[in-house]
Each structure stands twice: as C-alpha cells, then as structure tokens.
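Enquirer: Questions regarding the structure given below will be posed in turn.
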Amino acid sequence: MSEIDKSSDPPKTSPKITIHEKWCKKCGICVAFCPKKVFDTDDFGLPLVNRPEQCIRCMLCVIRCPDFAVDVERAKEDPEKKVPPP
Amino acid sequence: MEPLSEVKDFLRIEKFPHIWCAGCGHGIILQSFLRAVIDAGIDKNDMVVVSGIGCSSRAVGYVDFDTLHTAHGRALPFATGIKMAKPELNVAILAGDGDIAAIGGNHFIHAARRNIDLTVVIFNNFNYGMTGGQSSPLTCLNAIAPTTPYGNIERPFDICSLAIAAGATYVARSTTYHALQLPELIANGIRHHGFSVIEVLTGCPTYYGKFNSLRSPSKMLEWQRDHSVNLKQYQMLSEDAKEGKFAIGLIHSAERPEYTDEYSKIIQKVQVVSQKEPR
Ligand SMILES: Cc1ncc(C[n+]2csc(CCOP(=O)(O)OP(=O)(O)O)c2C)c(N)n1
Ligand code: SF4
Ligand code: SF4
Ligand code: SF4
C-alpha cells in the first residue's frame, strides 16, 4: 500500500460500548450472539466490554438486549475531514 | 440503526428496570416497536398504545405515549373505541398470544373482518407467562406446559393465516432473534391503512423455556433461528418439511376499504338525508 493510500485510511477507533449495570439482568444474550466476541462476563454474568476494538457496530447487542441496557455509540463524523492534506 | 439513546426518549425511564424476567423476549419486541414508531415518523402525541393483561401487556407501562392497560383479552374493543372517536390517531395494540388468541380471539377476528386501521403486535411466547406458563392456543404441538404435562395434543392456530382468513390487510411475522428486521416490519404495519398484524415469536425462559429444555435465554433465540424460514423458501418446502416451521417476513398485504373511512361516509350520507327530510 502506498503512503498516500494510508493517509486517506480512517484511523481505526473503538466505539464506546456501555452496559447500564443497574438495568442489566445478566441474561447473556449480548455475550452469546456478538459476532466479534467483544464481551466476556464476570463471575456473576455481567458482560464485560473486553475487546471493543473488534466491534463492527452491527448493533445486534443493542437491539437484542431485552433490558435496554447496552449502547454502542454511533460512528464518528467522516474522519477523512480531520486528516491533514499531504 | 440508531443508538439506544434515541429510543430512550420514548421510555418512561423512571419505571426502569422493568419487571420482566432476565432474558424475557418482551423487552426486545418493545425496543423494536419504539424503533418502528421512530422509523414511521409518528409524533409521540399522535400515538395511543393499548394492551390487555399479561406479562406482555405490561409493556404499555414503560412507553411515553398515551397508553391504556385494560382487561384481559379486551385491548381490541378499547382500541376500536379510540380509533372510532379519533380516527386521526395511530392506535397500536401490544398483546400476548393468550390475550389475543384465547380470551380475545373473537375480538381479533372481527377487528380483522372490519379492516379497522389498528396495528397489533403479538408477543407470541407460546404460553401464559403471567399466570405460570399454561398452554395457549399458540402452544406448539407436543410442547410441555403445566396444563399439558405429557405434551400438547392440540394443534395450534397459525395466527397469521387466521388473520388473513378473517380479513386483515397487512400480516407479517418475525422473531426476537431477527430483531434487526423487526422494526421495519412493524413500521410498515403502522403505515398501512387497515388492520395490521405482526406476530413476533419470543422467549419466556422462565416457563416455556424451563419446561421445554430451552432454559437459557440464548437457547430460546437459537430455537427461533432454527424454526423460522423466509417466506419464499418456506413456500418451496414440502408439506412435511413445513411442519413445525414458521414463515417469516411480510406474509400478506392487500388494499380494502377501511372501517372508520366507511363509517364517516355513512355519517355524511345520513346527514344529507336527514337535512332533506326534517322530522
Ligand atoms: C378475565 C380474566 N381471565 C383470566 C385472567 C388471568 N390471566 C392473567 S394474564 C393471563 C394470560 C397471559 O398470557 P399472555 O396473554 O400470552 O401473555 P404473557 O403473560 O405470556 O406475556 C391470564 C389467563 C385475567 N386476568 N382476567
Ligand atoms: S443482553 Fe442486556 S440484560 Fe442481557 S446480559 Fe447483555 S446487557 Fe445484560
Ligand atoms: S455492535 Fe455488534 S460487534 Fe459490536 S459489540 Fe455489539 S454485537 Fe458485538
Ligand atoms: S414469566 Fe415469561 S413472559 Fe413473563 S416476564 Fe417472565 S419470562 Fe417474560
């Protein structure tokens, strides 16, 4: 890959993934079906966001959480704008 | 897909965490319903949500619309009254399979026959969750419930086919496993001018799951994945292969005169006649 190509590649940022602990009932759905294995669980079944860099923002964990307890932040504004011209 | 923060504007946040059991699919359907309302571009104040009694019916307590939590099986008569009085409102019904297909079954077929512009979302968890998991008219053949301890010998209704036969003009089915597709199916039901039915297969891990070896919530979702087939593929299956499988997607849509439209035409007609012939 040439240097120019690299500079136009958006930097890989991990999305912010939050678990609302007061609402989560530790059902395990988000953990079981995340295609990128972003979550582990603690000893009591609470999801731990251990690999956010692998997240592809598919939103499956958000939309399948029965307790409205997971959120994944929206993709940032077009990152190309922030890359300084070569 | 929008993040959850947008959906939260439609929740009564102070009521959370909700009462449903860990892994109960009702919360998944509720989120999809709210995404559908957002997708259909409905103003909060133009939507009324009505329910009967059951775990699923508790959904109306958590949403920030005008809501009615009525009597078991009677959501449709209340909703019909609201729609007749104020046809400009969007009226949605959130109902359990027991609520809509057992005690409320008669209301269901007649609302469909009239093609009144209501949107019914059926939370089909295949049992009466609230009262301990008894079998419902949608419980699968051979399934175990406290009322069918040796297996269910009653053939369940296909509630979508029933709705079509009775006259519903928008009929769709999905599952909580397929939650990514669900908001669009519900949104199109809300947009549709006529009686719309969206059946959603969902999990009651506490009872149905416990009695039928699907104890964990994710097992219930896997069951839905393994027992549902896209309508086109379903139609190509042999009759034997169709047994126990559920067609998902848009199942039926048609245009037919809508009840409140016809009713307002009658009112106009009668007004013209009574002006001509004063008593
Ligand atoms: C007239 C009347 N009959 C019976 C009941 C008892 N009852 C309460 S909820 C319910 C069934 C709930 O099942 P369903 O509608 O499938 O909802 P779910 O709890 O599974 O979500 C029954 C029979 C009642 N409340 N009122
Ligand atoms: S799906 Fe929701 S309730 Fe279930 S473990 Fe994940 S965050 Fe908790
Ligand atoms: S958005 Fe998709 S990839 Fe990211 S954590 Fe959720 S399920 Fe996993
Ligand atoms: S009993 Fe079943 S339907 Fe009722 S809240 Fe629990 S899991 Fe859900």
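The values are calculated or read from the model by the stated rules, or taken from the named source; none is laboratory data. In this text the structure is predicted, and so the values were computed from the model without any measurement. FYI the Cβ positions are ideal-geometry reconstructions off the backbone, even for glycines, and counts take in every protein chain you see. For the accessible areas, the whole protein counts, side chains as well, though only heavy atoms, and no ligand, DNA or RNA atoms are used. Shrake-Rupley method; radii C 1.70, N 1.55, O 1.52, S 1.80 Å.
Listed here are the residues, each with its yes/no results for (1) over 22 Å from B:Asn125 (Cβ atoms); (2) open to solvent by 80 Å² or more (accessible area, probe 1.4 Å).
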position	(1), (2)
B:Gly189	no, no
B:Ile251	no, no
B:Arg256	yes, yes
B:Tyr259	yes, no
B:Lys276	yes, yes
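Enquirer: From the set of residues in the stretch B:206-222 that are away from ligand 1 (no atom under 16 Å from the Cβ) and under 15 Å from B:Thr176 (Cα atoms), which is most open to solvent (accessible area, probe 1.4 Å)?
Expert: Only one residue fits best here, namely B:Lys219.
Enquirer: Give the residues of the stretch B:194-242 that are touching a helix residue (DSSP H, G or I) at 6+ places or on another chain (Cβ under 7 Å) and outside any helix (DSSP H, G or I), sorted by residue number.
Expert: Within the stretch B:194-242, B:Phe195, B:Ser196, B:Val197, B:Ile198, B:Glu199, B:Val200, B:Leu201, B:Thr202, B:Gly203, B:Leu214, B:Arg215, B:Ser216 meet the criteria.
For (1) in contact with a Ser or Thr (Cβ under 6 Å, 6 or more places away or on another chain); (2) at pLDDT 95 or above, each residue gets a yes or a no:
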residue	(1), (2)
B:Gly194	yes, yes
B:Tyr207	no, yes
B:Lys210	no, yes
B:Gln224	yes, yes
B:Lys242	no, yes
B:Glu258	no, yes
B:Gln275	no, no
B:Pro278	no, no
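Enquirer: Continuing with this model, one more query. Whether any residue in the stretch B:62-74 is part of a loop (DSSP other than H, G, I, E, B), within 14 Å of another protein chain (Cβ to nearest Cβ), under 25 Å from B:Tyr177 (Cα atoms) and not basic (Lys, Arg) is what I want to check.
Expert: Looking through the stretch B:62-74, none of the residues is part of a loop (DSSP other than H, G, I, E, B), within 14 Å of another protein chain (Cβ to nearest Cβ), under 25 Å from B:Tyr177 (Cα atoms) and not basic (Lys, Arg).
Enquirer: OK, next. Of a type in the set (Val, Ile, Thr), buried (at least 24 other Cβ atoms within 10 Å of the Cβ), touching a residue at least 24 places away in the same chain (Cβ under 8 Å) and within 14 Å of chain A (Cβ to nearest Cβ): is that true of B:Thr119 in this structure?
Expert: No, not satisfied.
Enquirer: Only residues that are part of a loop (DSSP other than H, G, I, E, B) and either without any contact (Cβ under 8 Å) to a residue 60 or more places away in the chain or more than 8 Å from chain A (Cβ to nearest Cβ) (or both): list them for the stretch B:2-27, please.
Expert: B:Glu2, B:Pro3, B:Asp9, B:Phe10, B:Arg12, B:Phe16, B:Pro17, B:His18, B:Ile19, B:Trp20
Enquirer: May I ask you to say which residue of B:Ala85, B:Ala79 is more than 14 Å from chain A (Cβ to nearest Cβ) and open to solvent by 50 Å² or more (accessible area, probe 1.4 Å)?
Expert: That would be B:Ala85, the only listed residue that is more than 14 Å from chain A (Cβ to nearest Cβ) and open to solvent by 50 Å² or more (accessible area, probe 1.4 Å).
Enquirer: Just wondering, is there one or more residues in the stretch B:28-35 that are within 11 Å of another protein chain (Cβ to nearest Cβ), open to solvent by 10 Å² or more (accessible area, probe 1.4 Å) and within 16 Å of the chain's Cα centre (by Cα)?
Expert: Yes, there is a match, as at least one residue in the stretch B:28-35 is within 11 Å of another protein chain (Cβ to nearest Cβ), open to solvent by 10 Å² or more (accessible area, probe 1.4 Å) and within 16 Å of the chain's Cα centre (by Cα).
Enquirer: Any idea how many residues of the stretch A:52-69 are under 12 Å from A:Val31 (Cα atoms) and of a type outside the set (A, V, I, L, M)?
Expert: Qualifying residue count for the region: 3.
Enquirer: Same structure, new question: Say we look at the stretch B:139-161 and pick out the residues that are within 16 Å of ligand 4 (Cβ to nearest atom) and open to solvent by 60 Å² or more (accessible area, probe 1.4 Å); which of these is farthest from B:Leu214 (Cα to Cα)?
Expert: For the stretch B:139-161, the residue satisfying everything is B:Thr147.
Enquirer: Moving on to the next point. So B:Asn188 fits all but one of (1) under 19 Å from the mean Cα position of the chain (by Cα); (2) over 19 Å from B:Leu76 (Cβ atoms); (3) within 14 Å of another protein chain (Cβ to nearest Cβ); (4) in a helix (DSSP H, G or I); what number is the exception?
Expert: (3)
Enquirer: Turning to a different aspect of this structure: What residue, among those in the stretch B:48-92 that are of a type in the set (Ser, Thr, Tyr) and out of contact with any helix residue (DSSP H, G or I) (no Cβ under 6 Å at 6 or more places or on another chain), is farthest from ligand 4 (Cβ to nearest atom)?
Expert: My answer is B:Thr80.
Enquirer: Report yes if some residue within the stretch B:127-138 is crowded, with 17+ Cβ neighbours inside 10 Å, within 14 Å of chain A (Cβ to nearest Cβ) and either within 14 Å of ligand 1 (Cβ to nearest atom) or under 12 Å from B:Ala102 (Cβ atoms) (or both); otherwise report no.
Expert: Yes, there is a match, as at least one residue in the stretch B:127-138 is crowded, with 17+ Cβ neighbours inside 10 Å, within 14 Å of chain A (Cβ to nearest Cβ) and either within 14 Å of ligand 1 (Cβ to nearest atom) or under 12 Å from B:Ala102 (Cβ atoms) (or both).
Enquirer: Given the condition over 18 Å from the mean Cα position of the chain (by Cα), of a type outside the set (D, E, K, R) and surrounded by fewer than 21 Cβ atoms within 10 Å (Cβ to Cβ), answer yes or no: does some residue in the stretch B:45-65 qualify?
Expert: yes
Enquirer: Would you pick out the residues in the stretch A:43-61 that are open to solvent by 30 Å² or more (accessible area, probe 1.4 Å) and within 6 Å of ligand 3 (Cβ to nearest atom)?
Expert: Of everything in the stretch A:43-61, those that are open to solvent by 30 Å² or more (accessible area, probe 1.4 Å) and within 6 Å of ligand 3 (Cβ to nearest atom) turn out to be A:Ile56, A:Arg57, A:Cys58, A:Leu60.
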